[in-house]
Amino acid sequence: GASFCIVMAANGDGTGATMFLVDTDQPGFRITGHARTIDTTMLGGHCRIELDDVLVPPEAVLGEPGKGFRYAQARLAPARLTHCMRWLGAATRAHEIALSRSITREVFGQPLTQHGMAQQMIADNEIDLAAARALLWQACWSIAQGERGTETSSRAKVFVSEAVGRVADRSVQLCGGLGTSEELVVGRIYADIRAFRIYDGASETHRMSIARRAARRMADASASLAS
């Protein structure tokens, strides 16, 4: 449905990547299909695009040639945090649905909320949601203070993406068979939320970056003491 898109292409001379505005009715631009994914959150889905000798004028270049990757990096921290906000809200909704269901659902003659194993899942959801919210607030505050927020947003992205996954998983479990059906939205949230651990940087990539920064700080501190 889009009339144009942003294409980032590697420069042929190895000097980086450049961003272009490309009209989708441009000759050589073709949608070849849609990737079937477990999530349904992206409007229009995930398209497979083929670019075959697509010619664009110089004015289609976004910014300066060769700086496309730098431009892409500028939006990463705020984008990560908006994803965190969105999925934290979805996980909170799943938890509230599961909690409401647990109050009214009777198992072995008493409400599910009276069973120890269910209480542990409910408590762990409450803890994960509170911790994720606090870490998100901290990251947003650092950016509001003018910091780049690269590392704080990485920490928030890893923790929140994994915490909300745990919350959604427990919520499905608490809802029982109904949680896997389309009668409740919990199952859909569970399916959609899994991909968040990959989008905007996989957890493993962020962990690598966080570890490298920590090691660099320690090395700098040690060098400063030695001097």
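The values are calculated or read from the model by the stated rules, or taken from the named source; none is laboratory data. Keep in mind the model is a prediction, meaning the values are calculated, not measured. Backbone-built Cβ (ideal geometry, glycine too); neighbour counts: all protein chains shown. We work out accessible area using only protein heavy atoms, side chains counted, and drop any ligands, DNA or RNA first. Shrake-Rupley method; radii C 1.70, N 1.55, O 1.52, S 1.80 Å.
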Exercise. Which one is nearest to residue 196 (Cα to Cα) among residues in the stretch 1-43 that are among the charged types (D, E, K, R) and free of Cβ contacts under 8 Å to residues at least 12 places away in the same chain?
Worked result: 36
Exercise. Out of the stretch 181-190, which residues are open to solvent by less than 30 Å² (accessible area, probe 1.4 Å) and in contact (Cβ under 8 Å) with a residue 60 or more places away in the chain?
Worked result: 186, 189
For this session: Considering each residue of the stretch 191-211, count those that are under 13 Å from residue 153 (Cβ atoms) and at pLDDT below 90, and give that number.
Result: 2
Exercise. Residues 104, 82: which one is modelled with pLDDT under 95, closer than 22 Å to residue 188 by Cβ and within 12 Å of the chain's Cα centre (by Cα)?
Worked result: 82
For this session: Would you tally the residues in the stretch 191-223 being closer than 26 Å to residue 169 by Cα, β-branched (Val, Ile, Thr) and open to solvent by less than 60 Å² (accessible area, probe 1.4 Å)?
Result: 1
Problem set entry | Qualifying residue in the stretch 141-160 (condition: at positive phi, under 23 Å from the mean Cα position of the chain (by Cα) and surrounded by 16 or more Cβ atoms within 10 Å (Cβ to Cβ)) | yes
For this session: Could you please give the count of residues in the stretch 23-82 that are at positive phi and of a type in the set (Lys, Arg)?
Result: 0
For this session: Please note which helices (runs of 4 or more DSSP H) are completely contained in the stretch 113-208 and include at least 3 residues that are under 17 Å from residue 80 (Cβ atoms).
Result: 116-144, 150-175
Exercise. Residues of the stretch 94-112 being surrounded by fewer than 16 Cβ atoms within 10 Å (Cβ to Cβ) and at negative phi, which ones?
Worked result: 96, 100, 103, 104, 106, 107, 110, 111
Exercise. Which members of the stretch 161-180 meet the condition of being open to solvent by 60 Å² or more (accessible area, probe 1.4 Å) and of a type in the set (Ser, Thr, Tyr)?
Worked result: 180
Seminar exercise, completed: Of (1) open to solvent by less than 100 Å² (accessible area, probe 1.4 Å); (2) assigned to a helix (DSSP H, G or I); (3) without any contact (Cβ under 8 Å) to a residue 40 or more places away in the chain, residue 83 fails just (3)
